[in-house]
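Undergrad: Sharing a structure, written as structure tokens. Questions coming.
The values are calculated or read from the model by the stated rules, or taken from the named source; none is laboratory data. Fair warning: this is a prediction, and the values are worked out from it, not measured in the lab. Because the Cβ atoms are built from the backbone with ideal geometry, glycine has one as well, and the counts that use them run over all protein chains shown. Surface accessibility is based on the protein's heavy atoms, side chains included, excluding ligands, DNA and RNA. Shrake-Rupley method; radii C 1.70, N 1.55, O 1.52, S 1.80 Å.
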Amino acid sequence: MDRSDKPRVVLGVSGGIAAYKACELLRRLTESGHDVRVVPTGSALKFVGEPTWAALSGNPVTTGVWEDVHEVPHVRIGQEADLVVVAPATADTLARAAHGLADDLLTNTLLTARCPVVFAPAMHTEMWEHPATAENVATLRRRGAVVIEPAVGRLTGKDTGKGRLPDPGEIFEVCRRLLARGAAPGRDLAGRHVVVSAGGTREPLDPVRFLGNRSSGRQGYALARTAVARGARVTLVAANTSLPDPAGADVVPVGTAVQLREAVLKAAEDADAVVMAAAVADFRPARYAQGKIKKRDGQEPEPVALVRNPDVLAELAGLSAARPGQVVVGFAAETDDVLANGRAKLARKGCDLLVVNEVGEDRTFGAEENEAVVLGADGSETPVPHGPKEALADTVWDKVVHMLNAG
Ligand code: CTP
């Protein structure tokens, strides 16, 4: 591909210790076929120098408005961009962007860009929570920018808290989704709270063994990621997954079906939509052995008695009378009679939408791609062709948005 055919991305880098993580974001963007122009602030260059950005991007790097003036870069870079992502975005950069200052190349670029703009803030918790920063973030979001929630974890120095730059791979996913959806960032879930469950529950038999399933959590994570890109506040209840936290989602880790039920019902209290993508165990061992179950010579093992777990999806659907307008979505993994079983399950569970996919030992579980039919309680049937799990996720959100706007 010729450079001119590649989507143009501006990577703004501001002066925080997390600037080194932007190198990984830059690498992912260039390797996936984007033409990236890095625009660091002056203080960003104290953390990572100009040669690194130039070598990794293959493009010239400037920070001020007085270099290459004949090319009018302070206007052109922003005008020509398909996406601007600022990572890390410091409190100072957020403030300058919110107030429309134009004292360096990055802030000029932000004023001239008409494409989607993403900020990935990173700072100490106190700075993130300060009312000044909160108001600046609200201003930027109101104007249509995507401001990713910082992650919680270890910060510079000894402290931990909210303010970490999300995983660069996850910032990349947010960018990729925005570019795929075109110039208008489809922020049709802005102002909505959505809850997604993902992964597979584990029901312990003893301290070392459990009954589990093959769910990787990928479909649920794709749902969370796409909902963030569409502007939603996202709570992701994650059962036993090993995937990086989707940037911007509030992740609640759980283990068992009972823990998942508690976390989902709590988050669902003020939710506009709940999507149950998790594989929830229908049964759990009736008895939990406090010590490891030992084999005994000459003795057959004790049979494992099981009891039913609560059906979270049916419970959520049952609460719908008290929560008018809340959309409840279920998933069904079927091995045969896929559509007939799906219809029957939709009716039995009482949810608004049911995503039915065919599974087998080497189909769907853990795979990057998926193929499904989305069934509606209104009788609708939407086939989603084989493709990335994010494409299926976007079809689900399209339907959810339609129902929310109609209701
Ligand atoms: N689910 C749930 N709580 C359970 C079991 C399942 O909330 N205890 C949800 C899943 O998250 C999924 C949907 O129900 O959204 C369908 O799950 P599935 O296991 O396919 O349905 P079952 O009720 O187990 O039906 P069957 O045993 O007939 O396959």
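Undergrad: Can you name the residue in region 271-311 that is away from the ligand (no atom under 15 Å from the Cβ) and of a type in the set (S, T, N, Q) and, of all such residues, is most open to solvent (accessible area, probe 1.4 Å)?
TA: Q290
Undergrad: Take the residues of region 290-309 that are hydrophobic (A, V, I, L, M, F, W, C) and at pLDDT 95 or above: which is farthest from A333 (Cα to Cα)?
TA: Once the filter is applied, the top-ranked residue is A305.
Undergrad: Which count do you get for residues in region 341-353 that are out of contact with any helix residue (DSSP H, G or I) (no Cβ under 7 Å at 6 or more places or on another chain) and within 11 Å of the ligand (Cβ to nearest atom)? Step through it out loud before you land on a result.
TA: Within region 341-353, the first condition is being out of contact with any helix residue (DSSP H, G or I) (no Cβ under 7 Å at 6 or more places or on another chain), and the residues that meet it are 341-348.
Still in the running and within 11 Å of the ligand (Cβ to nearest atom): 341-342, 344-346, 348.
Final tally of qualifying residues: 6.
Undergrad: Sticking with this one: Out of V328, V338, V374, report the one residue that is within 16 Å of the ligand (Cβ to nearest atom), modelled with pLDDT of 85 or more and more than 22 Å from the chain's Cα centre (by Cα). Working first, answer last.
TA: Working: V328 fails: more than 22 Å from the chain's Cα centre (by Cα); V374 fails: more than 22 Å from the chain's Cα centre (by Cα).
Just one listed residue meets the conditions, V338.
Undergrad: Hey, another quick one. Do any residues in region 144-161 that are of a type in the set (D, E, K, R) have Cβ atoms under 6 Å from those of residues that are open to solvent by less than 20 Å² (accessible area, probe 1.4 Å), where the two are at least six apart or on different chains, and which pairs are they?
TA: Short answer, once both residue conditions are applied: E149/G248.
Undergrad: Residues in region 318-357 that are in a helix (DSSP H, G or I), closer than 20 Å to V195 by Cβ and open to solvent by less than 20 Å² (accessible area, probe 1.4 Å): how many?
TA: Number satisfying all stated conditions: 1.
Undergrad: So is A138 assigned to a strand (DSSP E or B) and either more than 16 Å from R37 (Cα to Cα) or touching a Phe, Trp or Tyr at 6+ places or on another chain (Cβ under 8 Å) (or both) or not? Can you show your working first?
TA: Numbers: assigned to a strand (DSSP E or B): no; either more than 16 Å from R37 (Cα to Cα) or touching a Phe, Trp or Tyr at 6+ places or on another chain (Cβ under 8 Å) (or both): yes.
No; evaluated as a whole, the condition is false for this residue.
Undergrad: Being over 22 Å from L178 (Cα atoms), at pLDDT 95 or above and open to solvent by 70 Å² or more (accessible area, probe 1.4 Å) is true for just one of H70, H99. Which residue is that?
TA: Details: H70 fails: at pLDDT 95 or above.
So the residue among H70, H99 that is over 22 Å from L178 (Cα atoms), at pLDDT 95 or above and open to solvent by 70 Å² or more (accessible area, probe 1.4 Å) is H99.
Undergrad: Anything in region 312-325 that is more than 15 Å from the ligand (Cβ to nearest atom) and in contact (Cβ under 8 Å) with a residue 60 or more places away in the chain? List them, or say none.
TA: Of everything in region 312-325, those that are more than 15 Å from the ligand (Cβ to nearest atom) and in contact (Cβ under 8 Å) with a residue 60 or more places away in the chain turn out to be P324, G325.
Undergrad: Looking at region 229-247, which of its residues are under 14 Å from V147 (Cβ atoms) and either aromatic (F, W, Y) or surrounded by fewer than 24 Cβ atoms within 10 Å (Cβ to Cβ) (or both)?
TA: G231, R233
Undergrad: Can we say E262 is within 14 Å of the ligand (Cβ to nearest atom), of a type outside the set (V, I, T), within 29 Å of the chain's Cα centre (by Cα) and over 30 Å from E149 (Cα atoms)?
TA: Values: within 14 Å of the ligand (Cβ to nearest atom): yes; of a type outside the set (V, I, T): yes; within 29 Å of the chain's Cα centre (by Cα): yes; over 30 Å from E149 (Cα atoms): no.
Against the criterion (within 14 Å of the ligand (Cβ to nearest atom), of a type outside the set (V, I, T), within 29 Å of the chain's Cα centre (by Cα) and over 30 Å from E149 (Cα atoms)), E262 does not qualify.
Undergrad: Next question. So the check is Cβ under 9 Å with 6+ separation or different chains; which pairs have a first residue in region 248-261 that's assigned by TED's automatic domain parsing to the domain that holds P88 and open to solvent by 20 Å² or more (accessible area, probe 1.4 Å) and a second one that's part of a strand (DSSP E or B) and within 13 Å of the ligand (Cβ to nearest atom)?
TA: Within 9 Å, no pair qualifies.
Undergrad: Restricting attention to region 214-228, which residues are open to solvent by less than 10 Å² (accessible area, probe 1.4 Å), assigned to a helix (DSSP H, G or I) and within 17 Å of A279 (Cα to Cα)?
TA: Scanning region 214-228 gives G220, Y221, A222, L223, A224.
Undergrad: Further, regarding this structure: Quick one: which strands (runs of 3 or more DSSP E) lie wholly within region 1-106 and hold at least 2 residues that are touching a strand residue (DSSP E or B) at 6+ places or on another chain (Cβ under 7 Å), of a type outside the set (A, V, I, L, M, F, W, C) and in the same structural domain as A151 (by TED's automatic domain parsing)?
TA: Qualifying strands (runs of 3 or more DSSP E): 8-13, 35-40.
Undergrad: Answer yes or no: is there a residue in region 46-67 that is in contact with a Ser or Thr (Cβ under 9 Å, 6 or more places away or on another chain), over 25 Å from V174 (Cβ atoms) and surrounded by fewer than 18 Cβ atoms within 10 Å (Cβ to Cβ).
TA: Yes - at least one qualifying residue is present in region 46-67.
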